[in-house]
1. Could you give every pair whose Cβ atoms fall below 7 Å, whose first residue belongs to region 207-220 and is over 10 Å from residue 197 (Cα atoms), and whose second residue is among the basic types (Lys, Arg) and outside any helix (DSSP H, G or I), counting only separations of at least 6 or pairs across chains?
2. Would you be able to tell me the number of residues in region 257-286 that are in a helix (DSSP H, G or I), out of contact with any Gly (no Cβ under 6 Å at 6 or more places or on another chain) and not polar (S, T, N, Q)?
3. Given the options 123, 158, 166, 131, name the one that is buried (at least 20 other Cβ atoms within 10 Å of the Cβ) and either touching a Ser or Thr at 6+ places or on another chain (Cβ under 8 Å) or of a type outside the set (Phe, Trp, Tyr) (or both).
4. May I ask you to say which residue of 307, 345 is surrounded by 22 or more Cβ atoms within 10 Å (Cβ to Cβ) and either in contact with a Leu (Cβ under 6 Å, 6 or more places away or on another chain) or acidic (Asp, Glu) (or both)?
5. Under 6 Å between Cβ atoms, which residue pairs at least 6 apart in sequence (or on different chains) link something in region 37-62 that is within 25 Å of residue 14 (Cα to Cα) with a partner that is polar (S, T, N, Q)?
6. Taking the conditions exactly as written (assigned to a helix (DSSP H, G or I) and not acidic (Asp, Glu)), does residue 38 satisfy them or not?
7. Can you tell me which of 131, 173 is farther than 29 Å from residue 40 by Cα, aliphatic (A, V, I, L, M) and assigned by TED's automatic domain parsing to the domain that holds residue 386?
8. Does region 358-409 hold any residues that are of a type in the set (Asp, Glu) and under 28 Å from the mean Cα position of the chain (by Cα), and which are they?
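The values are calculated or read from the model by the stated rules, or taken from the named source; none is laboratory data. Keep in mind that what you see is a predicted model, and the values were worked out from it rather than measured. Note that each Cβ is placed from the backbone with ideal geometry, even for glycine, and that neighbours are counted across all protein chains shown.
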Amino acid sequence: MMRAGKLATVIAASLFILTVGTILNSAVLYWMAGILLALPAIGRLYAVLQARGIAVVRRMPPTGRVGEWIEVELRAHNTAALPKLLLWLSDDLPIGITPDGCLPVPVQLAPLGDAAAHYRARLDRRGRRRLREISVVSLDPLGLSAVSVPVPHESEILVYPRVVPLRPDMLPLGAESGLAHEDTIARRGEGATFHGIREYQPGDPLRRVHWRSSARWGRLAVVEFEDERSHNLLLALETAEGSSFGSGIDTSFEYGVTLAASFATVAAREGHSISLLAPGYSTPSFGAQHGPTSLAELLEVLAGVEADSPHSLVDELPAAIASAPRGTSVFWIGPLGSRDVPRAARLAVESGVILTVLGLDAASFTGPTNDSRWEQEAEQLAAAGARVARFRKGDSIPAVLAATFGPSR
């Protein structure tokens, strides 16, 4: 808009001077009008030449999380022996990455020099986000012309789901301890049961040094304890086509993905064995990995899941449970409403797993909720032996868990 105003002013001034020159028959005024009329063309030529000979690369984090702010660096290199002034760099951002209102960013390049420009962006959607070309915007000194030259450069960032911080006691692992004794997996840590003495390793707290053994061995030794029992967890996320309700990024499916990611994070922090069942995307593998080692792979799967699978949890959960250790804590995450869900829940409980249904109130994501229908479905699931939690649009996950299950005993 400003450039258009400047251009209109130059043209109007040229025509005025030309009119006066015609009346006065003045050669000087003719020259002045001609020079003014030539300024836009000269400015555009300058802007075109200014934008040439510039190489640009983008530097950004390889991963991020929904809701986080990241810093992106655009580094430009001048391949010419002349300075490059009045330049701006702009980025072609995909849907799901929102800049902090500071694009394009200015940059000045010395002859054969380098310069970097930075901007901040918010990650709004999970998944693999690809950034393609960078635009070099060049202006002439009078601001009459602007030229944008695209510079091909691809970058990718993997955006993990949003994770809601949960305390360990918010992880419902069964009515009492969550697993039968024979299905627990002992792991060494900071518990109260003596496990043994081993050689000191970097990072071990000095309070655990066993001085008698250290003197006898001639090197530092530490006391090792057994930690709390490790549990087998199966996160079952509904990804069937048509199982997402709502619009934009505020859907029941996105809420469910956040639930799964939050449960996986706190479970990994506690050292539990985590598996993921997401029809069309992931099948469970029990006992393969424990704790943080399994979290990165699981979050990567959750970053790319969509509600587009031809199969549902009702179809695939029985086979998954058949291979699960007895006493596995299964968390069913998805909308209710199917008559087959209580039947699948009953079969799961009869197979020896501890089933918790984290039900998404689909109606709350599209309009008014139907409390009577929800209560009826919850009663059917409870009769099948499952525990049920209800999550509406906008609900606080920790608040719902605390109100439904309370602190674990």
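1. none
2. Filtering region 257-286 down to residues in a helix (DSSP H, G or I) leaves 257-269.
Still in the running and out of contact with any Gly (no Cβ under 6 Å at 6 or more places or on another chain): 257-267, 269.
Checking which are not polar (S, T, N, Q) leaves us with 257, 259-261, 263-264, 266-267, 269.
The qualifying residues number 9.
3. Working: 158 fails: buried (at least 20 other Cβ atoms within 10 Å of the Cβ); 166 fails: buried (at least 20 other Cβ atoms within 10 Å of the Cβ); 131 fails: buried (at least 20 other Cβ atoms within 10 Å of the Cβ).
Matching residue, one of 123, 158, 166, 131: 123.
4. Values: 307 fails: either in contact with a Leu (Cβ under 6 Å, 6 or more places away or on another chain) or acidic (Asp, Glu) (or both).
Of the residues listed, the single one that is surrounded by 22 or more Cβ atoms within 10 Å (Cβ to Cβ) and either in contact with a Leu (Cβ under 6 Å, 6 or more places away or on another chain) or acidic (Asp, Glu) (or both) is 345.
5. 37/14; 43/145; 44/145; 47/138; 47/145
6. Details: assigned to a helix (DSSP H, G or I): yes; not acidic (Asp, Glu): yes.
Considered against the rule, which asks whether it is assigned to a helix (DSSP H, G or I) and not acidic (Asp, Glu), residue 38 comes out as yes.
7. On the way: 131 fails: assigned by TED's automatic domain parsing to the domain that holds residue 386.
After ruling out the rest, the residue left standing is 173.
8. Here is the first cut: in region 358-409, the ones of a type in the set (Asp, Glu) are 361, 371, 375, 377, 379, 395.
361, 395, listed by residue number.
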